[in-house]
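Please read the structure below before turning to the comments.
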Amino acid sequence: MLILQPVDNAPWLAPYAYGIVLLGFAFFLFRVFENWYANAYDKPLYRHYFVFRKLDSKQVSILENEFLFYELLSKKEKRQFQHRIATFISEKKFIGRGGIQVTERMKVLISAVGCMLSFGRRNYDYGLIEHIVIYPDEFYSKINDAMHKGEFNPYGKALVLSWKDFEKGYQINNDNHNLGIHEFMHAMQLEARKSRDLDSTRFAKQFQNILKRLTHSEVKDKLDETRYFRAYAFTNQYEFMAVLAEYFIESPKDFKSNFPKLYTFTQKLLNFRFAGY
Ligand SMILES: [Zn+2]
């Protein structure tokens, strides 16, 4: 028989308790500093905890042969990019529709476009996307009873793409049309509205800066005069950001020389500080 006496205090526990309190306090201070840093410098203190996943040689050769952005990265960034793509591929479900067979090439290239747009973020894996649905060509969408090249459906947690148009989007990399970037931006923007992490907070802040900038009369006049952004951008704020991202990714130099402030805000919003941007 064992009778345990209730103990009011267990002195041997005290050092551990102090330790835990101290650790908690250190963690709290770190979070305060991290938030201050992100706000002051418009970028996260760090983007990676661990980089350990690798793509296999076939996947890497797809990037090397077909994805220019990858070639522009440093050795370290390439490792990070590979890790992110591998994680993305393992987390998302790729589904072929309309008779298309999902290939490794499709998975790698779609993931590469998503991870490229989110490469400056810590949170890069698009929590609002679970399924990537691929059609061979334009597809019928019930949402507005029309043919679509792509859509992001937050209710079905699905990013839907016409493969033909996706391919054209990233292969012709200077015409400011990039279907993948466009649809991934929709998912990122909606996530920014729903989340409170550092990346979403930065998104919201820079998005406000962009909106404010658009109300300046000199910017308005220049937009009217040059018709720089295609008309579709002015459908609503979501389409504007999606089109802005396409221009930013595809012709940064041109964008910067036409609208330097808008460019800087977009760059900060994405924390896009690599590959010569
Ligand atoms: Zn759109």
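Rule-based calculations on the coordinates, nothing more; no lab input. What you are looking at is a predicted structure, and each value in this text was computed from that prediction instead of being measured. Note that we place each Cβ from the backbone using ideal geometry, even for glycine, and neighbour counts take in every protein chain shown.
Looking only at the range 229-277, count how many residues are within 16 Å of T215 (Cα to Cα) and of a type in the set (F, W, Y).
Looking only at that region, the number is 6.
If a residue must be in a helix (DSSP H, G or I), more than 14 Å from G120 (Cα to Cα), away from the ligand (no atom under 15 Å from the Cβ) and touching a residue at least 60 places away in the same chain (Cβ under 8 Å), how many such residues does the range 233-275 contain?
Matching residues across the range 233-275 total 1.
In the range 68-75, is there at least one residue being under 20 Å from H177 (Cα atoms) and of a type in the set (K, R)?
The answer is no, given that none of the residues of the range 68-75 is under 20 Å from H177 (Cα atoms) and of a type in the set (K, R).
Scan the range 103-126 for residues that are assigned to a loop (DSSP other than H, G, I, E, B) and of a type in the set (K, R) and jot them down.
R121, R122
Of these, I134, I129, which one is in a loop (DSSP other than H, G, I, E, B), β-branched (V, I, T) and in contact with a strand residue (DSSP E or B) (Cβ under 6 Å, 6 or more places away or on another chain)?
Result of the check over I134, I129: I129.
Would you kindly identify the helices (runs of 4 or more DSSP H) lying entirely within the range 179-232 that contain at least 2 residues that are within 13 Å of the ligand (Cβ to nearest atom) and among the small types (G, A, S)?
The helices (runs of 4 or more DSSP H) meeting that bar are 179-194.
Please tell me if H186 is touching a strand residue (DSSP E or B) at 6+ places or on another chain (Cβ under 9 Å) and either closer than 30 Å to K75 by Cα or not aromatic (F, W, Y) (or both).
yes
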